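A quick write-up on the structure given underneath.
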Number of protein chains: 2
Amino acid sequence: MSRSKAKSSTFHPPVRTLMGPGPSDVSPRVLAASARPTIGHLDPLFVELMDDVKGLLQYAFQTENELTIPLSAPGSAGMEAAFVNLVECSDKVIVCQNGVFGGRMKENVERCGATAVMVMDRWGDPVDPEKLEAAIKEHPDAKVVAFVHAETSTGVRSDAETLCRLAKDAGMLVIVDAVTSLAGIELKADEWGADVVYSGTQKCLSGLPGISPITFSNDAVAAIHARKHKVQSWFLDMNLIMGYWGEGAKRSYHHTAPVNAVYALHEALLMLEEEGLDASFARHKANHLKLAAGLSKLGLEMAVAEEWRLPQLNSVLIPEGLDDALIRGRLLNEFDLEIGAGLGELAGKQWRIGLMGTSSNTVNMNRCLTAFEAVLA
Amino acid sequence: MSRSKAKSSTFHPPVRTLMGPGPSDVSPRVLAASARPTIGHLDPLFVELMDDVKGLLQYAFQTENELTIPLSAPGSAGMEAAFVNLVECSDKVIVCQNGVFGGRMKENVERCGATAVMVMDRWGDPVDPEKLEAAIKEHPDAKVVAFVHAETSTGVRSDAETLCRLAKDAGMLVIVDAVTSLAGIELKADEWGADVVYSGTQKCLSGLPGISPITFSNDAVAAIHARKHKVQSWFLDMNLIMGYWGEGAKRSYHHTAPVNAVYALHEALLMLEEEGLDASFARHKANHLKLAAGLSKLGLEMAVAEEWRLPQLNSVLIPEGLDDALIRGRLLNEFDLEIGAGLGELAGKQWRIGLMGTSSNTVNMNRCLTAFEAVLA
């Protein structure tokens, strides 16, 4: 059986400016790292690299959690790993939803056979701590509280520190989705008391897409050890993954790590360490302020109240009468500029302009503003 | 919080010759493809590439199955995707085990809450069709039969064509683990009637590690549509992934594909198409025969009966009195040559020498023989 379609050839992608909700621009340094020769995933030198990646991730998450690793799958698998490891079928989980990804958390809870108690906020608003407090009072038997720190669907930050405190004060475990927040805005896993925090490599880290950094507190590990039933996912069972990412000498085979993507993540994390977290946050903030001011001059209105805007993901209202797909198509085809469409109920109503990681720089910001000026003229 | 350890620097891997059980050597063509600029996973040009990858995978699997895609996670996630989509908690699955990976299949069945009926064969022997036939007669209510085509832990091929026929004659669905077989030995998904076949990119395809090609027959898709309960994994739910990898215009967001790893897979699949499947099989076979003859001259004995040996993965008995780890360490440190240790109950008893994909060539074969000659002297 041969292929029916015409033969294809090597793919040569265009050089886009990536200002959507991820992936963000990947630095040539990171691309070069990813293209170095593949070595075995159990090679002693790769095991050393794994240890170094763990240390760099601890810095990024601001944690001393020993179980801090890059999962060999995208952020949505990171979310699933958080839930399937902490949650059992008889458990109750309080899920705060103010966008697409809170809804995905609900799906995860229910697919564990557990009960999700929903705390709902309008898409575009942060999670309301008072509503969470009331839900905790009403459901003192809940085991876990889960929320999204930076909602990728709306561009909204929630007050993770306060939400974590409310859950910890009630003796509950906390799962924090930091897919879009890690390295873009302040995130202090240990100081805030988060028990599981997961992220993605393709947002403010600007590694290659495909890996999910994740960290588990000692309380989370204890909860995993105290489970009555096996984790329903073999691939994401942290009992097994701990053996693979454990201390050097005891490393035991579980799956084959995405070796070259780990090279890329390592290099991206080195770049973060060189710049420093605070400098990275300040850069994201400064470019965001300039972009927002420029968009405002063009007559475009931000969708989120100033206090809760994510500097790394700018949600903009699409003005009445403009053709969403046409504008995005022109930006892509005439300027090699990718911005994001609205997601879920915001499709056609908002654009999402990312300034994440490597993408957050003056040149991109200027390119975006001049391109918008041209296509809106 | 800064890092306590000394600052680290860019990782420069050595250039190893990868003759273990995977990853195999990655061609410079594939590494170059992976390092091209990242574009968005919903970019129209990436969507075109996804379609091309699907077509090339259909060729590799020898199938016309529409649902033929690269899953965004390693082969062990491919295995999990096969089971969690086909199997529900009330189901019975016949699992043939003759090595590590049949045991992992049992784990997957049980984590779905289903019952695994085991057909056991000695590690190092192929699956015995007569035993499967007897199990099918004894359990006519089983929904699925599952087996490993090429056992990576033992280097043994099983007669996939016969095993598939037995299952299909009984009206059961068949799951085939082709992680190590795809592109290395004959595999005809459609002709043999396999319903789900999954593989990995880091074996005989010599793409970058981290992706699992998988194909579902129309019967498998019908079984997924007929499920009574939701798939327990959100990340691996084919109902959702079908929307992401579906026809171009209807593409809907599910997760972020590992864009650059897909570039690499595309290039690796182009190389396979250029060579042709039959030529690839013949190359694997020829290099295997020369390696086996050379090892025999050195006094090393193959672990598997000739008829069932995998040309891409050569299991060798470790001679009495030799220090397994010391020999492998010398091969690695003095020759940059990686071979595989024994896995599970074969640890310390066998070596696994891979001649997979790009690694299957005359130079590697000669390097391996001369290096063994030196360290065994």
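Set the Förster radius R0 to 30 Å, insert the Cβ-Cβ distance between A:Asp190 and B:Lys349 as r into 1/(1 + (r/R0)^6), and round the FRET efficiency to 0.05. Please list the in-between numbers first.
Working: r = 45 Å, r/R0 = 1.50.
Calculated value: 0.10.
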How about the stretch B:71-152: which trypsin sites (Lys or Arg not before Pro) there lie in a loop by DSSP and see at most 15 other Cβ atoms within 10 Å? B:Arg122
Could you work out, for the stretch B:233-352, what percent of all Cα-Cα pairs fall into each 10 Å distance bin, beginning at 0 Å and stopping at the bin that holds the largest distance? 11, 26, 23, 23, 14, 3, 0
Leaving out same-chain residues fewer than 8 places away, which aspartates and glutamates sit with a Cα under 12 Å from that of B:Lys106? B:Glu80
Which of the aspartates and glutamates could be linked to B:Lys54 by a straight reach, that is with a Cα gap under 12 Å, when you skip same-chain ones fewer than 8 residues away? B:Glu64, B:Glu66, B:Glu247
With no solvent term and unit scatterers on the alpha-carbon positions of the protein assembly as shown, Debye gives log₁₀ I(q)/I(0) at q = 0.05 Å⁻¹ of -0.24
What residues have an amide H closer than 5 Å to that of B:Thr17, excluding those fewer than 5 places away on the same chain, when H is modeled at 1.01 Å from N in the peptide plane? B:Leu337, B:Glu338
State the Cα centre-to-centre distance between the stretch A:307-372 and the stretch B:102-141 in whole Å. 53
Taking the label point as lying 7 angstrom from Cα along the Cα-to-Cβ axis, what are the distances from A:Thr370 to the corresponding position in the remaining copies, in ascending order and in nanometres? 5.7
Over the residues of the stretch A:324-377, compute the C-alpha Rg and express it relative to 2.2 N^0.38 Å. 1.13
One checks the Cα atoms of chain B and finds Rg and Dmax, in Å, of 21.0, 64
Rounded, prolate or oblate: pick one for the stretch A:3-67, where a ≥ b ≥ c are the square roots of the eigenvalues of its C-alpha gyration tensor, a/c under 1.5 means rounded, and failing that, prolate if a/b is larger than b/c, else oblate. oblate
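I need to check one value: relative contact order of the stretch A:28-273, counting alpha carbon pairs closer than 8 Å and at least 6 residues apart, in percent. Each step should come with its number before you reach the end.
Working: 477 pairs, mean separation 68.4, N = 246.
RCO, the stretch A:28-273: 28 percent.
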Which FRET efficiency value, to the nearest 0.05, is calculated for A:Lys290 and A:Glu161 with the Förster distance at 25 angstrom and r the Cβ-Cβ distance? 0.40
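What is the order of A:Phe235, A:Phe83, B:Phe335, B:Phe101, fewest Cβ neighbours within 10 Å to most?
Values: A:Phe235 32, A:Phe83 29, B:Phe335 17, B:Phe101 23.
Going from least to most buried by this count: B:Phe335, B:Phe101, A:Phe83, A:Phe235.
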Classify the stretch A:86-177 as rounded, prolate or oblate, taking a ≥ b ≥ c as the square roots of the eigenvalues of its Cα gyration tensor: rounded when a/c is under 1.5, otherwise prolate if a/b is larger than b/c and oblate if not. oblate
Cα gyration tensor shape for the stretch A:277-327, rounded if a/c is under 1.5, else prolate or oblate: prolate
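Considering every residue in A:46-57, what mean count of other chain Cβ atoms within 10 Å of its Cβ is obtained? Intermediate values should be presented prior to the final figure.
Details: counts 3, 0, 2, 3, 0, 2, 5, 2, 1, 5, 4, 0.
Other-chain Cβ atoms within 10 Å of each residue's Cβ, averaged: 2.
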Separation of the stretch A:237-279 and the stretch B:41-77 by C-alpha centroid, Å? 27
Starting from a label point 7 Å past Cα on the Cβ side, list the distances from A:Thr162 to the same position in the other copies, nm, shortest first. 7.0
Using the number of other C-beta atoms within 10 angstrom as an exposure proxy, rank B:Met118, B:Met302 with the fewest first. B:Met118, B:Met302
Points 7 angstrom from Cα along the Cβ direction at B:Asn333 and B:Val15: gap in nanometres? 2.3
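Within chain B, which DSSP H helices have Cα atoms that stretch 24 Å or more along the helix axis and a mean Kyte-Doolittle hydropathy of at least -1.0?
On the way: long enough: B:44-61 (26 Å, 0.65); B:259-275 (25 Å, 0.52); B:277-297 (30 Å, -0.22).
Answer set is B:44-61, B:259-275, B:277-297.
Working from the alpha-carbon coordinates of the stretch B:91-250, get Rg over Rh, Rh being the Kirkwood radius. Write out the running numbers ahead of the final one.
On the way: Rg = 15.5 Å, Rh = 16.2 Å.
Computed over Cα atoms, the ratio is 0.95.
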For the cross-link pairs B:Lys168/B:Lys349; B:Lys131/B:Lys297; A:Lys230/B:Lys92, which exceed 28 Å when the distance is taken from alpha carbon to alpha carbon? B:Lys168/B:Lys349; B:Lys131/B:Lys297
Please list, or write none, the lysines whose alpha carbon is within less than 17 Å of the alpha carbon of B:Lys285, excluding same-chain residues fewer than 8 places away. B:Lys203
Peptides B:43-50, B:349-356 ordered by average Cβ neighbours within 10 Å, highest first: B:349-356, B:43-50
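How much mean residue ellipticity at 222 nm does chain B get from its helices, if each DSSP H run of length 4 or more adds -39500 (n - 2.57) and you divide by all residues, to the nearest 500 deg cm²/dmol?
Values: 13 runs with 153 residues, N = 377.
Computed mean residue ellipticity for chain B: -12500 deg cm²/dmol.
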Using a label position 7 Å from Cα in the Cα→Cβ direction, what is the ascending list of nm distances from A:Ala286 to the same site in the other copies? 6.1
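All of the numbers you see were taken from the coordinates with simple rules; none came from a lab. Being a predicted model, the structure only gives us computed values, none of them experimental. Backbone-built Cβ (ideal geometry, glycine too); neighbour counts: all protein chains shown.
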